[in-house]
1. Every residue in the stretch 1-11 that is open to solvent by 20 Å² or more (accessible area, probe 1.4 Å) and either polar (S, T, N, Q) or closer than 28 Å to VAL259 by Cα (or both), please.
2. How many of the residues in the stretch 165-176 are closer than 21 Å to ALA99 by Cβ and either within 12 Å of the ligand (Cβ to nearest atom) or not β-branched (Val, Ile, Thr) (or both)?
3. Inspect all residues belonging to the stretch 253-261 and state whether any of them is free of Cβ contacts under 8 Å to residues at least 24 places away in the same chain and among the aliphatic types (A, V, I, L, M).
4. On the given criteria, is TYR260 surrounded by 19 or more Cβ atoms within 10 Å (Cβ to Cβ), more than 18 Å from the chain's Cα centre (by Cα) and within 20 Å of ALA111 (Cβ to Cβ)?
5. Among the residues of the stretch 262-289, which ones are within 15 Å of the ligand (Cβ to nearest atom) and either at pLDDT 95 or above or over 22 Å from LEU116 (Cβ atoms) (or both)?
6. Enumerate the pairs (first residue in the stretch 299-310 and open to solvent by less than 50 Å² (accessible area, probe 1.4 Å); second residue anywhere and of a type in the set (Lys, Arg)) with beta-carbon separation below 6 Å, excluding pairs fewer than 6 apart on the same chain, so at least 6 apart or on different chains.
7. Does ILE162 meet the test of being at negative phi, more than 13 Å from the ligand (Cβ to nearest atom), touching a strand residue (DSSP E or B) at 6+ places or on another chain (Cβ under 8 Å) and modelled with pLDDT of 95 or more?
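The values are calculated or read from the model by the stated rules, or taken from the named source; none is laboratory data. All values derive from a computational prediction rather than experimental measurement. Here the Cβ is made from the backbone with ideal geometry for all residues, glycine too, and neighbour counts use every protein chain on show. Each accessible area value is taken on the protein alone, full model and side chains, heavy atoms only, with ligands, DNA and RNA left out. Shrake-Rupley method; radii C 1.70, N 1.55, O 1.52, S 1.80 Å.
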Amino acid sequence: MNVTFFNTKQYDQQFFTQVNEEHGHELQFLEVPLNAHTAVLAKGADAVCVFVNDRVDAEVLHQLAHAGVRLLALRCAGYNNVDLSAAALLGLPVVRVPAYSPYAVAEHALALILTLNRKTHRAYNRVREGNFALNGLMGFDLHGRTVGLIGLGTIGLVTARILKGFGCRVLGYDVKDSAEAQKIGVEFTTLDSLYAQADIISLHCPLTPQTHHLINEAAIAKMKAGVMLINTSRGAIIDTKAVIQGLKSEKIKYLGLDVYEEEGDLFFEDCSNKVIQDDVFMRLLSFNNVLITGHQAFFTSDALHNIAQITLQNISDFEQGRVLTNAVPLPAATASR
Ligand code: NAD
């Protein structure tokens with residue numbers, strides 16, 4: 001298969017080229033993101049491979065189909081950036097990497113929790129300047145604290161296991177039951193009761209119309225004073241402006257973000273020589289109890305290897321007419337084209 005990759009970095013090219021030795025596809029790596037202006041570059045490709053911030057809307061999908069593309073391969077788990085109804089109407093299958101390393105993301109969520117709590121990011125700078133004062137660095141024992149996980153799928157479950165190892169009480173909310181979660185000792189509860197009891201809340205649900213701005217002013221009002229909020233899932237699950245109000249009123253005492261609702265204009269790029277125009281993002285950065293990483297939770301060598309392996313296997317399965325085990329379910333295409 002001829003596969004055109006959009007939005008690639010040197011590390012994508014390295015892992016995909018290496019793993020492709022077992023698959024033998026023709027890979028073309030582009031650095032530009034996929035959008036209505038760049039879709040034309042897919043001409044001649046059988047499959048297009050995209051990442052989290054490529055906007056695969058109806059217009060882009062029409063252009064891809066028109067260019068002869070027969071498969072959309074996401075090299076990520078989430079698919080909120082794809083217009084699935086348009087893909088269904090075009091008969092364009094969409095495949096993804098449902099789980100490449102839940103450990104990578106869960107461990108990063110823990111890194112955010114531990115850093116915010118013990119303030120190691122601030123201690124690192126202080127010690128380098130010869131300042132060994134402890135004022136402002138006081139944390140709390142994680143052991144015995146209550147953590148609420150919203151979303152108990154692959155990543156939520158790994159996070160629950162790690163937190164249990166720390167001796168935390170783990171509450172969980174999900175739209176589905178999970179026997180696995182109960183086996184680990186997660187206590188299922190309602191969202192309201194999770195908000196009322198959790199010292200730390202970590203988001204592990206997908207971005208859907210139901211979870212868009214799930215964490216809004218009303219939800220924050222129900223949380224414990226001094227709560228820690230962690231989001232390694234998708235930015236728009238949080239209403240950023242409401243969270244800023246929560247930080248200003250000190251209802252939210254710690255915020256750890258790996259994702260941000262307007263990250264598409266910032267993340268994965270070096271903006272250090274530019275003036276960042278996003279005032280909401282800059283306000284977030286001004287709080288010393290906010291820790292932001294640029295969508296790097298997935299970024300381990302193990303995860304990148306698995307992403308390349310599963311994506312290329314998805315493409316090989318399509319080429320050889322096998323069942324697409326990692327196909328994203330498309331809505332029934334009832335409308336006329
Ligand atoms: P998953 O599909 O295994 O689990 C998601 C869980 O969320 C499921 O159990 C589902 O039932 C639940 N859910 C769905 N709607 C819900 C709702 N309204 N309220 C509560 N729970 C709901 O997905 P996963 O592999 O665990 O990944 C979770 C999310 O993490 C992905 O959707 C993706 O957005 C994000 N992610 C981020 C990174 C990163 O680098 N930051 C990497 C991978 C995944």
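1. Quick first cut of the stretch 1-11, residues open to solvent by 20 Å² or more (accessible area, probe 1.4 Å) only: 1-2, 7, 9-11.
Within the stretch 1-11, ASN2, ASN7, LYS9, GLN10, TYR11 meet the criteria.
2. Here is the first cut: in the stretch 165-176, the residues closer than 21 Å to ALA99 by Cβ are 165, 170, 172-176.
When the remaining residues are screened for being either within 12 Å of the ligand (Cβ to nearest atom) or not β-branched (Val, Ile, Thr) (or both), the result is 165, 172-176.
Total satisfying the criteria: 6.
3. Looking only at the stretch 253-261, we keep the residues that are free of Cβ contacts under 8 Å to residues at least 24 places away in the same chain, and these are none.
No: the stretch 253-261 contains no residue that is free of Cβ contacts under 8 Å to residues at least 24 places away in the same chain and among the aliphatic types (A, V, I, L, M).
4. For TYR260, the condition - surrounded by 19 or more Cβ atoms within 10 Å (Cβ to Cβ), more than 18 Å from the chain's Cα centre (by Cα) and within 20 Å of ALA111 (Cβ to Cβ) - is not met.
5. The initial filter retains those residues of the stretch 262-289 that are within 15 Å of the ligand (Cβ to nearest atom), namely 263-264, 266-268.
Those that are within 15 Å of the ligand (Cβ to nearest atom) and either at pLDDT 95 or above or over 22 Å from LEU116 (Cβ atoms) (or both): GLY264, PHE268.
6. Listed pairs, sorted by first residue: ILE307/ARG75.
7. Working: at negative phi: yes; more than 13 Å from the ligand (Cβ to nearest atom): yes; touching a strand residue (DSSP E or B) at 6+ places or on another chain (Cβ under 8 Å): no; modelled with pLDDT of 95 or more: yes.
Answer is no for this residue.
Results for (1) closer than 23 Å to GLU262 by Cα; (2) crowded, with 16+ Cβ neighbours inside 10 Å; (3) under 22 Å from the mean Cα position of the chain (by Cα), shown as yes or no for each residue.
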{"position": "GLU26", "(1), (2), (3)": "no, no, no"}
{"position": "ALA45", "(1), (2), (3)": "no, yes, no"}
{"position": "ASP54", "(1), (2), (3)": "yes, yes, yes"}
{"position": "GLU59", "(1), (2), (3)": "yes, no, no"}
{"position": "LEU71", "(1), (2), (3)": "no, yes, no"}
{"position": "ARG75", "(1), (2), (3)": "yes, yes, yes"}
